[in-house]
Each structure stands twice: as structure tokens, then as C-alpha cells.
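One structure is given here, and the rest of the page talks about it.
Where a number appears in this text, it was derived from the coordinates with a stated rule and is not lab data. Everything numeric in this text was worked out from a predicted model, so none of it was measured. Positions of Cβ are backbone-derived with ideal geometry, glycine not excepted, and every protein chain shown enters the neighbour counts.
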Amino acid sequence: MANPNAGPQRLVLLVATRKGLWLLHDEGGRTAWRLDGPHFLGHIVHHAVLDPRDGHTLLVAARTGHLGPTILRSTDLGAHWQEAARPPAFGPAVNGLPARTVDHTFWLAPGHASQPGVWYAGTSPQGLFRSEDGGQTWAPWSSLNDDPDFRTWMGTVQDGTPDGPKLHSILVDPDDPQHIVLGMSGGGVHETRDGGHTFQTLIDGLDVVEGFEPGEPTFHDPHCLRQCPSRPTRLYQQNHCGIYRLDRPATRWERIGRAMPPEVGDVGFPLVVHPRDADVAWVFPMDGTDVWPRTSPGGRPAAYVTRDGGLSWSRQAAGFPAEQAWWTVKRQAMTADREATLGLYLGHSGGELWGSVDEGDHWQCLARHLPAIQAVEAVYAAV
């Protein structure tokens with residue numbers, strides 16, 4: 001969330017790709033954009049996030065080829081960079097469990113507004129880390145990484161998840177810094193209400209692939225979790241097995257994706273919620289049949305929006321190719337700005353970035369010929 005007490009700000013899109021990072025600067029009313037990059041050409045950039053608490057600290061999760069994973073930090077929107085002195089790394093083996101090595105950091109999340117300098121990171125294989133100095137040094141956080149139950153639920157590093165299993169969707173409750181929800185692919189959804197001392201599973205009501213036991217967290221594969229800024233007690237989820245909503249204090253998820261057109265289904269990766277209306281959310285479905293092509297159903301890309309909390313969904317495809325467009329949009333590659341009329345942005349594996357300035361009713365291509373896009377974030381930088 002943009003800091004409401006900040007001075008002048010500029011909308012910037014952070015575009016993380018398989019070959020580096022690009023920034024798109026709004027040059028006026030979201031009608032003209034300036035492309036800045038590449039930063040870290042050749043590095044696999046999994047996520048880039050601007051700290052909303054200060055408007056100028058930018059963290060980037062990158063995998064630098066044979067040199068391994070790291071975190072990069074800038075306080076001037078990419079003009080200068082500094083590598084983390086101690087990136088996320090697992091500690092020595094404990095509890096008789098096998099030792100693990102971080103392949104890459106997948107998800108970055110700023111801490112609570114009352115905790116400047118605090119960041120969280122989720123890794124592949126599944127690990128949870130925290131920084132208290134603005135991303136310069138990181139340490140394992142809570143007992144989750146080496147808890148025997150969690151390690152069982154995490155499965156193995158050969159679990160079939162593309163690019164490896166991962167801990168993602170680290171949601172810090174804006175009303176309570178001790179309350180955090182996270183997702184593991186695989187391994188399910190979990191929350192702590194005491195600052196990481198204990199965790200509880202949140203998988204009731206979620207389906208799993210046929211033939212597996214829904215009561216076992218290890219068989220659950222949440223793709224993306226989102227918390228509604230306007231109603232933090234409401235969570236949405238895009239799962240391997242559908243679209244869900246959870247309204248606390250309830251603990252059972254409701255499958256709202258059944259209202260999607262049956263020929264499209266409710267499988268996908270990204271999910272975006274409206275910053276001011278908890279009943280409004282967007283998904284970008286993919287073909288989840290047979291061998292899981294993970295592409296737009298029928299080669300006809302479209303976003304779908306609900307304006308009633310998932311009771312109904314509407315197709316939004318004006319401006320997209322009408323056919324033969326086999327897009328793959330990953331779980332971090334769709335986002336929204338916070339303008340009065342919401343802007344939506346998504347990037348796909350073919351290296352195109354698309355945007356809408358009317359809440360998805362019409363789309364246009366903002367950038368072409370980029371490497372495969374991993375993640376897109378709309379942020380507000382201090383100017």
C-alpha cells in the first residue's frame with residue numbers, strides 16, 4: 001500500500017523476468033510509459049518490491065546463474081545497487097532432518113507499517129526468512145523451516161512444481177503485525193497469530209487432486225493468496241484446485257470458482273483484489289486439463305472479474321488477441337495500481353506486458369520483446 005502521508009509519488013511498474021529487471025515509469029496519466037532497464041541482465045529475477053513505508057527502498061530477489069541466489073537493494077530506484085551482506089540461507093541440519101540449500105528467493109514482503117526495516121522472504125525449497133535492517137541481512141524466522149511436521153508437508157525438492165517448490169504469499173495483517181498468513185506449494189496454507197511462535201493450518205474446505213487425502217497439508221497446492229486491504233478479515237485464494245474465499249473468523253474456505261464458466265474452469269495462478277472494495281477481485285484462468293498446459297484456455301486469453309465476492313464472474317478480453325495466444329501468466333505476474341479508476345497490469349511468459357486503465361474493460365500492450373515475465377508489481381515511488 002502506498003504511504004498516505006508521503007509526498008509526491010510516481011507510479012512505477014516493476015517487471016521481473018528470466019533475464020533481468022525492467023521498470024516502467026508512468027510519464028503522465030498512465031498514457032505514456034518510459035522503459036528503464038535492463039538491470040541485472042541475465043539474472044533470473046523472481047520478485048521485485050518497493051517498500052511502501054518509505055517509497056524508495058527497492059528489494060530484488062535474483063538468482064545469479066552459477067553464483068547462486070541473492071537479494072539486491074537500492075534506495076534510489078535502481079540508480080545504484082548493493083547486494084545483501086547475508087542473503088536468506090538455511091542453517092545447519094537439526095532434528096535429524098536432511099540439510100537444505102536455498103535455490104532461490106521467490107517472494108518478498110515488507111513488514112507491518114509499525115516495523116520499519118522489517119521484511120519477510122519465502123524461498124524455494126520452502127523456507128521463511130526475516131530481515132530487520134531493510135533487507136541487508138536475513139535469518140531463518142520462526143521454527144517453521146526445521147519443524148518435522150512442516151518438513152513432511154513440504155515434500156521433496158523433486159515434487160514436480162515448476163522451478164521447484166516454494167513458500168509464497170506472505171500476508172502481514174495490516175491490523176496486527178503478529179498475524180501472518182502464508183502459502184506453500186506444496187504444503188498448504190498456514191497462519192501465525194503470535195509472531196511466528198506457533199502456526200495453524202488453514203486447509204478446511206480446500207479440494208485436492210483426486211485420489212489424495214484432503215486432510216493432509218502436503219497434498220495442498222495454493223497458487224496465490226491475497227488479503228483485502230479494505231477488509232483484512234477477507235482472504236482470496238487461487239489454488240491448484242479452484243478459486244476460494246475465506247471470511248474470518250471462519251476457518252473453512254468457500255469454493256467461489258464454481259461460478260466460473262465450466263468451459264473455462266477455475267484453475268490459474270494469479271489473483272488480484274481491489275484495494276478499496278473487498279467484493280471485487282480478478283483472476284486469469286489457465287488450461288488445467290490433462291497434462292496441464294498452463295496456457296490460456298483455447299488460446300484465447302482473458303481476465304475474469306467478480307464484483308460480488310465470487311457469486312458471479314465476467315470475462316474481460318477487449319484488446320487481447322482473439323485466438324492463437326497461448327499465454328502463461330504466473331502467480332506474481334498480475335497486479336493493480338491504486339488510482340481512482342483502477343489500473344490492472346499483467347505479464348506473460350512470451351515477454352509482453354499488458355495494462356488496463358479502466359479496471360479490465362479494455363487492455364493494451366505496454367511493452368513487447370522482454371524475456372519471460374516472472375512478476376509484476378505496481379508501486380508508488382517517492383519523487
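Neighbour counts of other C-beta atoms within 10 Å: give me THR341, THR306 arranged from fewest to most.
By the 10 Å Cβ count, ascending, the order reads THR341, THR306.
Taking the alpha-carbon centroid of each part, what is the distance from segment 61-121 to segment 185-258 in angstrom?
25
Only Cα pairs within less than 10 Å get springs; with that Gaussian network setup on the chain, which residue of ASN145, ASN95, ASN239 has the largest fluctuation?
It is ASN95.
What FRET efficiency would be calculated for the residue pair ASP175, ASP133, taking the C-beta separation as r and a Förster radius of 25 Å, to the nearest 0.05?
After rounding to 0.05, the efficiency reads 0.50.
Going out from 0 in 5 Å bins, what whole percent of all Cα-Cα distances in segment 278-359 drops into each bin?
In order of increasing distance, the bins hold 3, 14, 24, 27, 19, 9, 3, 0, 0 percent.
In cubic angstrom, how much convex hull volume per residue do the alpha carbon atoms of the chain span?
Taking only Cα atoms, the chain has a hull volume of 131 Å³ per residue.
What nm distance separates the two modelled labels at LEU35 and TRP81, each placed 7 Å from Cα along Cα→Cβ?
Here the modelled spin labels are 1.8 nm apart.
If Lys and Arg each add +1 and Asp and Glu each add -1, what is the summed charge of the other residues whose beta carbon sits under 12 Å from the beta carbon of ASP176?
Neighbour charge sum, excluding ASP176 itself: -2.
Per DSSP helix of 4 or more residues, -39500 (n - 2.57); summed, then divided by the residues of the chain. What does that give at 222 nm, rounded to the nearest 500? Please list the in-between numbers first.
Details: 1 runs with 7 residues, N = 383.
The per-residue figure over the chain is -500 deg cm²/dmol.
In what sequence do HIS179, HIS43 fall when counting other Cβ within 10 Å, fewest first?
Values: HIS179 18, HIS43 24.
Ascending Cβ contact count within 10 Å gives the list HIS179, HIS43.
Enter the mean projected area of the convex hull around the alpha-carbon atoms of segment 212-356, in nm², rounded to one decimal.
Seen from a random direction, the Cα hull of segment 212-356 projects 9.0 nm² on average.
Go ahead and set up a Gaussian network model of the chain, Cα springs under 10 Å, then flag whichever of PRO116, PRO88, PRO285 fluctuates most.
Fluctuation is largest for PRO116.
Grab the eigenvalues of the alpha-carbon gyration tensor for segment 1-70, scale each by 5, take roots, and send me the semi-axes largest first in whole angstrom.
25, 16, 7
How about segment 304-382: which trypsin sites (Lys or Arg not before Pro) there lie in a loop by DSSP and see at most 14 other Cβ atoms within 10 Å?
Here the sparse-neighbourhood loop sites are ARG368.
At a 10 Å Cβ-Cβ cut-off, how would you order LEU346, LEU72, fewest neighbours first?
The order, fewest Cβ neighbours first, is LEU72, LEU346.
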